[in-house]
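So the structure is just underneath, and the comments pick up after that.
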Amino acid sequence: MKKLLISLLVVTLLLASAMPALAARGPQPPIKNRGGWFILTGFITAIDGTTVTVQVVGGNPTVRPVIGQVVAVQTTAQTRFLLKNADGTTTPITLGELEVGQGVSVQGVLAAEVWTANRITVGATLEHSR
């Protein structure tokens, strides 16, 4: 019993000592203004030049505010386009091989409310966020 009480006291003191460090971060901006890396899944609804429009089905926390919406994803000369094969391997493809209706996974960077893809994978598993 005495060991349990000492253990609880130690845990409580550790948590209490961490609180000032957590509070020092201050309030965080809304997710849409943070920018940073994103991973989204969805379906291609349009392709216009180097912009791929995607109906968002799921994604990481950066993407969650736009689930169910359509986002315009910019591609660049550095964007990689891949096709996921049935055996789990991937094959490089081109922007020109993308088609409306395909399910895709997109990884990239959100900055100044511009979605820029580093990689677009056709045939990736589409997961819904919860």
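Coordinate-derived values only; no laboratory data. A quick note: this is a predicted structure, and the numbers were derived from the prediction, not measured. We place every Cβ from the backbone using ideal geometry, glycine too, and count neighbours over all the protein chains shown.
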Relative to the present Cα-Cα distance, how much length would full extension add between residue 111 and residue 78 at 0.36 nm per residue of separation? 10.2 nm
Decide, for the stretch 41-130, between rounded, prolate and oblate: order the square roots of the alpha carbon gyration tensor eigenvalues as a ≥ b ≥ c, take rounded if a/c falls under 1.5, and otherwise choose prolate if a/b is larger than b/c, else oblate. oblate
Which value in nm describes the separation of the simple spin-label points at residue 85 and residue 99, placed 7 Å from the Cα toward the beta carbon? 1.9
